[in-house]
Amino acid sequence: MNLVLAKTDTGRAISDIFAVARDRLPGAGKIADARRQAFESYERAGLPHRRIEDWKYTDLRVLMRDVLPLAAAPDAAALKRAEAAAKAHAVEGARRLVLVDGVFAPKLSDVGRLESGLSIRTLRDVLEADDAALHAQLLAPDNSDAMVALNSAMMTDGLVIEIADGTALTQPLHIVHIASSAQPAAMFTRSLLKLGKTAGATLVESYIAADGAKSYQVHDALVLAIGDGARLDHVRLVEDGRDAFNISSSVVTLGTRAHFNTFGMTSGAGVSRYQAVIAVAGEHSRVETNGVNLLNGRQHADSTLFLDHAVPNCSSREIFRAVVDDRAHSVFQGRIIVRPKAQKTDAKMMTRALLLSDEAEADNKPELEIFADDVTCGHGATTGALDESLLFYLRARGLSEKEAQALLIQAFVGEAIEQIANDHLREMAIATAQRWLEARA
């Protein structure tokens with residue numbers, strides 16, 4: 001018996017979107033073949049839904065419904081609006097690298113006088129060059145996840161950053177994703193950072209909207225390769241417009257004695273999902289992942305982390321905090337797997353959610369899968385409201401209710417924020433949290 005699978009209207013639309021965009025997508029030959037295969041993988045699966053365990057709490061068929069057409073290349077007016085947005089979100093002392101509507105904007109970026117040992121190229125240039133090794137790394141994310149496959153098929157531009165062995169960058173690198181289109185559109189970006197042996201760097205990513213940007217989608221992927229003895233500090237700040245969707249993925253690989261410290265804060269976007277796969281592939285390595293969701297209105301933010309301990313004598317720490325107001329929904333899914341050979345693993349994970357209204361929702365799902373017998377591992381999760389006795393104590397000393405709440409919330413998220421190594425970036429994260437708290441009043 002022959003079976004014919006009927007496509008929905010959304011299925012036909014995404015096929016049309018891929019066909020129309022194909023001429024704008026860089027890379028030919030094997031790259032074009034890889035795109036086609038990735039798109040076919042996405043078409044077979046469609047948007048993730050609640051029957052897929054990893055997407056149980058973030059049903060994109062309900063929340064997002066369809067994929068928007070590829071954003072047009074930014075014109076002069078769009079770049080002007082983006083320039084104003086970039087200045088408003090500048091990171092002091094950082095080297096700014098700007099992507100506007102998914103396209104690298106050299107006139108808004110600091111690409112001159114690179115530090116010795118630092119190389120920066122665009123994804124477009126690398127995909128159109130004959131560099132099989134870099135192509136393989138850029139295509140490393142697993143297309144079994146539908147949204148990763150869609151990104152693989154549609155990736156338009158991004159940054160390829162290489163840091164030579166022994167190079168310790170003095171300037172943080174700041175990748176700024178700016179949406180400027182007044183028409184509903186999607187941008188697809190992918191970046192790669194290769195950190196050489198004993199090298200060191202700080203990477204900041206910001207997701208923001210220029211004035212007038214409406215109902216856009218961000219589809220981003222980041223590949224991080226951290227060499228032996230290297231250290232990478234990574235900060236993600238999601239401040240997209242409230243009608244935006246942000247679906248981002250990361251694939252991280254650590255070498256021997258490598259150190260990865262990452263912090264993410266989500267206070268923007270109507271719907272966001274950050275999923276990271278971190279492979280601890282070298283002995284004596286350390287991973288620190290920290291995050292904060294600050295949500296209100298009807299925001300939905302999902303952080304899904306998979307940490308794979310494959311070798312002995314490594315450690316990891318995960319600290320996640322969520323502050324949820326109104327009818328917002330926070331999701332944290334953290335899974336740590338300890339492989340049979342990963343003896344002497346030290347892994348701990350803790351997630352806490354603070355609900356500020358009766359209609360706020362938080363789903364916390366920490367998991368441990370341990371296949372080794374000489375390990376120190378643990379996890380925990382709590383959800384609750386502000387402590388009434390502490391509120392009473394603060395109010396008895398002259399603070400208003402909002403001031404007392406703000407003080408307790410700052411202390412609640414402070415444990416995660418304090419893990420940011422760079423003093424200026426830590427202060428910037430604190431300021432972002434303070435602005436969110438002030439807006440509640």
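The values are calculated or read from the model by the stated rules, or taken from the named source; none is laboratory data. Bear in mind the structure is a predicted one, so any value in this text is a computation, not a measurement. Please note: Cβ atoms are built from the backbone with ideal geometry, for glycine as well, and neighbour counts cover all protein chains shown.
Tell me the residue from D211, D233, D240, D228 that is touching a helix residue (DSSP H, G or I) at 6+ places or on another chain (Cβ under 7 Å), over 17 Å from L70 (Cα atoms) and among the acidic types (D, E), please.
Numbers: D233 fails: touching a helix residue (DSSP H, G or I) at 6+ places or on another chain (Cβ under 7 Å); D240 fails: touching a helix residue (DSSP H, G or I) at 6+ places or on another chain (Cβ under 7 Å); D228 fails: touching a helix residue (DSSP H, G or I) at 6+ places or on another chain (Cβ under 7 Å).
That would be D211, the only listed residue that is touching a helix residue (DSSP H, G or I) at 6+ places or on another chain (Cβ under 7 Å), over 17 Å from L70 (Cα atoms) and among the acidic types (D, E).
In segment 63-75, what count of residues is obtained for those that are at pLDDT below 95 and farther than 19 Å from T189 by Cα?
Going through segment 63-75 one residue at a time, the tally reaches 1.
Please work out which residue is nearest to E361 (Cα to Cα), limiting yourself to segment 42-67 and to residues that are among the basic types (K, R) and not in a helix (DSSP H, G or I). So that I can check it myself, show each step before the final result.
Of segment 42-67, the ones among the basic types (K, R) are 44, 50-51, 56, 61, 65.
When the remaining residues are screened for being not in a helix (DSSP H, G or I), the result is 50-51, 56, 65.
Values: R50: 17, R51: 20, K56: 14, R65: 22 Å.
Across segment 42-67, the extreme among qualifying residues is K56.
Only one of these conditions is not met by V375: (1) among the hydrophobic types (A, V, I, L, M, F, W, C); (2) within 25 Å of the chain's Cα centre (by Cα); (3) surrounded by 17 or more Cβ atoms within 10 Å (Cβ to Cβ); (4) farther than 16 Å from M265 by Cα. Which number is it?
In the conditions (1) among the hydrophobic types (A, V, I, L, M, F, W, C); (2) within 25 Å of the chain's Cα centre (by Cα); (3) surrounded by 17 or more Cβ atoms within 10 Å (Cβ to Cβ); (4) farther than 16 Å from M265 by Cα, V375 misses (2) alone.
I want to confirm something. Restricting to segment 90-123 and keeping residues that are among the aliphatic types (A, V, I, L, M) and assigned to a loop (DSSP other than H, G, I, E, B), which single residue is farthest from A78 (Cα to Cα)? Before you say what the answer is, go through the steps one by one.
Within segment 90-123, the subset among the aliphatic types (A, V, I, L, M) is 90-91, 94, 97-100, 103, 105, 108, 111, 114, 118, 120, 123.
With the extra rule that they be assigned to a loop (DSSP other than H, G, I, E, B), the set shrinks to 90-91, 94, 105, 111, 114.
On the way: A90: 18, V91: 21, A94: 23, A105: 11, V111: 20, L114: 27 Å.
By that ranking, first place goes to L114.
Show the residue pairs meeting these rules: Cβ distance below 8 Å; 6+ apart or different chains; first residue within segment 180-193 and of a type in the set (F, W, Y); second residue part of a strand (DSSP E or B).
Short answer, once both residue conditions are applied: F188/L70; F188/H219; F188/D220.
Can you pull out every residue in segment 68-87 that is touching a residue at least 60 places away in the same chain (Cβ under 8 Å) and either of a type in the set (D, E, K, R) or assigned to a helix (DSSP H, G or I) (or both)?
Hits for segment 68-87 are A78, L79, R81, A82, A84, A85, A86.
Let's see how each residue does on (1) at pLDDT below 95; (2) part of a helix (DSSP H, G or I); (3) not β-branched (V, I, T):
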site: D125; (1), (2), (3): no, yes, yes
site: L134; (1), (2), (3): yes, yes, yes
site: A140; (1), (2), (3): yes, no, yes
site: D165; (1), (2), (3): no, no, yes
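Considering every residue within segment 44-59, establish whether at least one is aliphatic (A, V, I, L, M), surrounded by fewer than 16 Cβ atoms within 10 Å (Cβ to Cβ), free of Cβ contacts under 8 Å to residues at least 24 places away in the same chain and more than 24 Å from S191 (Cα to Cα).
Residues of segment 44-59 that are aliphatic (A, V, I, L, M), as a first pass: 45, 47, 52.
This time we only want the ones that are surrounded by fewer than 16 Cβ atoms within 10 Å (Cβ to Cβ), so: 52.
Filter once more, so that each one left must be free of Cβ contacts under 8 Å to residues at least 24 places away in the same chain: 52.
Retained after the next criterion (residues that are more than 24 Å from S191 (Cα to Cα)): 52.
There is at least one residue in segment 44-59 that is aliphatic (A, V, I, L, M), surrounded by fewer than 16 Cβ atoms within 10 Å (Cβ to Cβ), free of Cβ contacts under 8 Å to residues at least 24 places away in the same chain and more than 24 Å from S191 (Cα to Cα).
Among the numbered criteria (1) closer than 21 Å to S315 by Cβ; (2) under 20 Å from the mean Cα position of the chain (by Cα); (3) surrounded by fewer than 24 Cβ atoms within 10 Å (Cβ to Cβ), which one does E239 miss?
Answer for E239: the failing condition is (1).
Going by the conditions given, is G117 surrounded by fewer than 13 Cβ atoms within 10 Å (Cβ to Cβ) and of a type outside the set (A, V, I, L, M)? Let's see the steps before the verdict.
Values: surrounded by fewer than 13 Cβ atoms within 10 Å (Cβ to Cβ): no; of a type outside the set (A, V, I, L, M): yes.
No, not satisfied.
Any residue that is touching a strand residue (DSSP E or B) at 6+ places or on another chain (Cβ under 9 Å), over 22 Å from V91 (Cβ atoms) and of a type in the set (G, A, S) - is there at least one of those in segment 197-213?
As a first pass, look at segment 197-213 and keep what is touching a strand residue (DSSP E or B) at 6+ places or on another chain (Cβ under 9 Å): 198-210, 213.
Filter again for over 22 Å from V91 (Cβ atoms), leaving 198.
Imposing the further condition that a residue be of a type in the set (G, A, S) reduces the set to none.
No, segment 197-213 has no match at all.
So which of L138, L97 ends up being within 17 Å of the chain's Cα centre (by Cα) and more than 14 Å from V223 (Cβ to Cβ)? Step through it out loud before you land on a result.
Values: L138 fails: more than 14 Å from V223 (Cβ to Cβ).
Going through L138, L97 in turn, just one is within 17 Å of the chain's Cα centre (by Cα) and more than 14 Å from V223 (Cβ to Cβ): L97.
All but one of (1) over 30 Å from A164 (Cα atoms); (2) out of contact with any Ser or Thr (no Cβ under 8 Å at 6 or more places or on another chain); (3) of a type outside the set (D, E, K, R) hold for A78, so report the exception by its number.
The one condition A78 does not meet is (2).
Take the residues in segment 199-215 that are in a loop (DSSP other than H, G, I, E, B) and on the phi < 0 side of the Ramachandran plot; name whichever of them is modelled with the highest pLDDT.
Kept after step one, since they are in a loop (DSSP other than H, G, I, E, B), are these residues of segment 199-215: 199, 210-215.
Remaining after also requiring on the phi < 0 side of the Ramachandran plot: 199, 210-211, 213-214.
Values: A199: 98, A210: 95, D211: 93, A213: 92, K214: 87.
This residue is A199.
Looking at (1) out of contact with any Asp or Glu (no Cβ under 9 Å at 6 or more places or on another chain); (2) of a type outside the set (G, A, S); (3) surrounded by 17 or more Cβ atoms within 10 Å (Cβ to Cβ), which is the only condition R335 fails?
Looking at each condition in turn, R335 falls short on (1).
Need at least 3 residues that are of a type in the set (A, V, I, L, M, F, W, C) and in contact (Cβ under 8 Å) with a residue 40 or more places away in the chain per element, so show me which helices (runs of 4 or more DSSP H) inside segment 350-441 make the cut, counting only ones lying wholly within it.
Numbers: elements: 388-395, 401-417, 423-440.
Once the helices (runs of 4 or more DSSP H) in segment 350-441 are filtered for at least 3 residues that are of a type in the set (A, V, I, L, M, F, W, C) and in contact (Cβ under 8 Å) with a residue 40 or more places away in the chain, what remains is 401-417, 423-440.
Report, by residue number, each residue of segment 257-285 that is surrounded by fewer than 24 Cβ atoms within 10 Å (Cβ to Cβ), in contact (Cβ under 8 Å) with a residue 60 or more places away in the chain and at positive phi.
Matches in segment 257-285: none.
When you go through (1) over 22 Å from K56 (Cβ atoms); (2) under 14 Å from the mean Cα position of the chain (by Cα); (3) outside any strand (DSSP E or B); (4) not basic (K, R) one by one for A269, which number turns out not to apply?
(1)
Of the residues that sit in segment 226-236 and are in a strand (DSSP E or B) and in contact with a Gly (Cβ under 8 Å, 6 or more places away or on another chain), which one is surrounded by the fewest Cβ atoms within 10 Å (Cβ to Cβ)? If you could, list the steps in order and put the result at the bottom.
First, the residues of segment 226-236 that are in a strand (DSSP E or B): 226, 231-236.
Restricting the remaining residues to those that are in contact with a Gly (Cβ under 8 Å, 6 or more places away or on another chain) gives 226, 231-232, 235-236.
On the way: I226: 28, R231: 19, L232: 23, V235: 25, R236: 22.
So the residue we want is R231.
When you scan segment 1-28, how many residues do you find that are modelled with pLDDT under 50, in contact with a Ser or Thr (Cβ under 9 Å, 6 or more places away or on another chain) and in a helix (DSSP H, G or I)?
0
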